[in-house]
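Structure record follows, encoded as structure tokens.
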Amino acid sequence: MCGIVGYIGSQDSKEILLKGLEKLEYRGYDSAGIAVMNDNGVQVFKEKGRIADLRNIVDEDVMANTGIGHTRWATHGVPSKVNAHPHQSTSGRFTLVHNGVIENYDILKREYLQGVTLKSDTDTEIIVQLIDLFVNEGSTTEEAFRKTLTLLKGSYALALLDVENNETIFVAKNKSPLLVGLGETFNVVASDAMAMLQVTDQYVELMDKEIVIVTKNEVKIQNLNGDDISRDPYTAELDASDIEKGTYPHYMLKEIDEQPLVMRKIIQKYQNDRGDLTIDQEIVDAMNDADRIYIIAAGTSYHAGLVGKQFIEKMAKVPVEVHISSEFGYNMPLLSEKPLFIFISQSGETADSRGVLVNVKEMGHKALTITNVQGSTLSREADYTLLLYAGPEIAVASTKAYTAQIAVLSILAEVTAKSRGIDLDFNLVQELGIVANAMEVLCDAKEEFEEISRKFLSTTRNAFFIGRGIDFYVGLEGALKLKEISYIQAEGFAGGELKHGTIALIENGTPVIALATQESVNLSIRGNVKEVVARGANPCIISMKGLETEEDSFIIPEVNGLLTPLISVIPLQLISYYAALHRECDVDKPRNLAKSVTVE
Ligand code: F6R
């Protein structure tokens, strides 16, 4: 949440910062700002709204080789121009951008800043005022920065400008992600390598509680005690075209379409020379050592975890619990004797999940992260990582990462099963190949899904998704997709649970989207459809070939019964997409949301 960029070098920084912020807009987009610094001082431009709004107010004529920028997802204080970053100290000497949450900002304000009139409602302003205060009391900027950091409780990624030293950007990080990018005659700062791929693919990872002094020719990393740290850069293996929309109107549509490709890439990445699926032996051993697996995740990743539980229990015969990370944090269940934790996170940065990871690591338990982002916090801090290989997912609504998570979980289950001598009656490589082909068929049926969306969702205020077993979990994901991008009130329910309360909500014309892909519960879910139809519902049944009836709205191609979530979700993604489009919603950047939820 919130994105940070910084540039120091010999080019004009404005355009580099704005372009960088455009790439980070997925992290938050309620307001944005940049500060640029030259011999004449610092100029701050900030605006409520999107980067495009910020662009409109940036003075083209100002030339400056140093600058920082920020795109915001509000935590403290409403989205407004005043609360937008960068924030400046009252003297105007210091200018700061911040991603994260300072938990003790109120205490610090009372203890140190009684006499200071604050302009904004943000926690960030406290930081910049403290630095100014300590400098006034005689500290150098570096000392004041360091002293301030030791007082902060919470999460931060910071970039600071000092008008009296226009050759330096002061940077620090704790819990929130931040990278320094290296160039020949410049250096950059970014929350995500994607932002500065325009100028460099060489990055240095920063660890918590590190400070970095960035000049155009040097990057000096230190810990809070001032000890120098050396760390080699890595090459960000991102293709610039991966982060462009190309001819697509929205990233979400592009990412839905990429799913067959991602499936094939996952098969290839997890296959050995003999064509068998394989994962690190260490991970297999950890799975086999565990008496119970605890999957921890949020949102869409949690929904993938629910499907993963089915795979691991049915294929590998290891019991699994799936927990929402924000709940698990303070409501930990009684753990088994030998638990293994699996964190599922597209971004690898979700603060709620990270909180649990830190906790369980302190308790001495092993953890595996399944993520799309190599080197992300959750990946670094867990014992093991499995990558999704889905390529950057930019649309806020997750699509290809969800199916990639499910595919990787199926591989984890299969490899574990085999290591335990359990014979499966299918070949997963082949089955995933069939899935990839089926995905293509569905992606090619966009017009039909647009029509279904128009028929069932164009005027409704609410919608229900029902299913049984694995279809129920996909229904939960379908409901989340629909509500987050189209703002239609949508809920997913287990088919049998409806009559225990929810059926009271069914009125004439209420759309009920039912998934019928499981032979064992086909008759029961169809019975549930009849119950809602008898009360006036408008049913949209999505079934699988072999189980279809004449009343069905769409029949998905047949795939292995366990793997149906990989394809039954595509109709739900697409009808949500078209519902949002019909309602003229901002598909890729839904209101109030951000892609990477780095605050708890
Ligand atoms: C919904 C969505 C979110 C994320 C959730 C967890 O489309 O994307 O629900 O799944 O915020 O994010 P990650 O997977 O990055 O931990």
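Read-outs throughout are calculated quantities, based only on the coordinates presented, and are distinct from any laboratory measurement. As the structure is a computational prediction, the values presented were derived from the model and not from experiment. Quick reminder, even Gly has a Cβ in these numbers, built from the backbone with ideal geometry, and neighbours come from all protein chains shown.
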Fill in: Least to most buried among E550, E313 (fewest other Cβ within 10 Å first)
E550, E313
Fill in: trypsin sites (Lys or Arg not before Pro) lying in DSSP loop within the stretch 272-322, provided at most 12 other Cβ fall within 10 Å
R274, K317
Fill in: Pairwise centroid distance, computed over Cα atoms, of the stretch 375-405 with the stretch 261-329, Å
13 Å
Worksheet item: For the stretch 561-595, which trypsin sites (Lys or Arg not before Pro) are both in a DSSP coil and crowded by at most 12 other Cβ atoms within 10 Å?
Response: R591
Practice prompt. When you have a sec, figure out the Kirkwood radius of the chain from all distinct Cα pair distances and drop it here in Å to one decimal?
Written response: 25.3 Å
Practice prompt. Give, rounded to the nearest 20 debye, the magnitude of the charge dipole that the stretch 245-441 has about its Cα centre when Lys and Arg contribute +1 at Cβ and Asp and Glu contribute -1 at Cβ.
Written response: 220 debye
Worksheet item: Which whole-number percentage describes the relative contact order of the stretch 245-441, with Cα contacts under 8 Å and a sequence gap of 6 or more?
Response: 29 percent
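Given Cβ point charges of +1 (Lys, Arg) and -1 (Asp, Glu) and nothing else, what value in debye, to the nearest 20, does the dipole of the chain about its Cα centre take?
That gives a dipole near 1140 debye.
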Fill in: Angstrom value of the Kirkwood radius, inverse mean 1/r, which spans all Cα pairs in the stretch 167-212
10.8 Å
Worksheet, complete the sentence: Expected vector for the stretch 214-220, Karplus 3J(HN,Hα) from phi with 6.51, -1.76, 1.60 and θ = phi - 60°, integer Hz, x for Gly and Pro, equals 10, 10, 6, 10, 8, 10, 10
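When the dipole is taken about the Cα centre of the stretch 186-253, and only Lys, Arg (+1) and Asp, Glu (-1) are charged at their Cβ, what size is it in debye, to the nearest 20?
260 debye
Given an 8 Å cut-off on Cα distances and at least 6 residues of separation, report the relative contact order of the stretch 445-588 as a percent.
RCO, the stretch 445-588: 31 percent.
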Practice prompt. For each of I68, I51, count neighbouring Cβ atoms within 10 Å of the residue's Cβ, then give the residues from fewest to most.
Written response: I51, I68
Practice prompt. Give the cross-link partners of K46 among the lysines, using a straight C-alpha distance below 19 Å as the criterion and excluding same-chain residues fewer than 8 apart.
Written response: K14, K19, K23, K81, K119
Worksheet item: Which of the chymotrypsin sites (Phe, Trp or Tyr not before Pro) across the stretch 228-331 are loop residues per DSSP, with 12 or fewer other Cβ within 10 Å?
Response: Y330
Worksheet item: With a 10 Å Cβ neighbour count serving as the proxy for reagent exposure, in which order, fewest first, do I243, I169 appear?
Response: I243, I169
Worksheet item: Using Cα pairs under 8 angstrom and six or more residues apart, how large is the relative contact order of the stretch 15-113, in percent?
Response: 28 percent
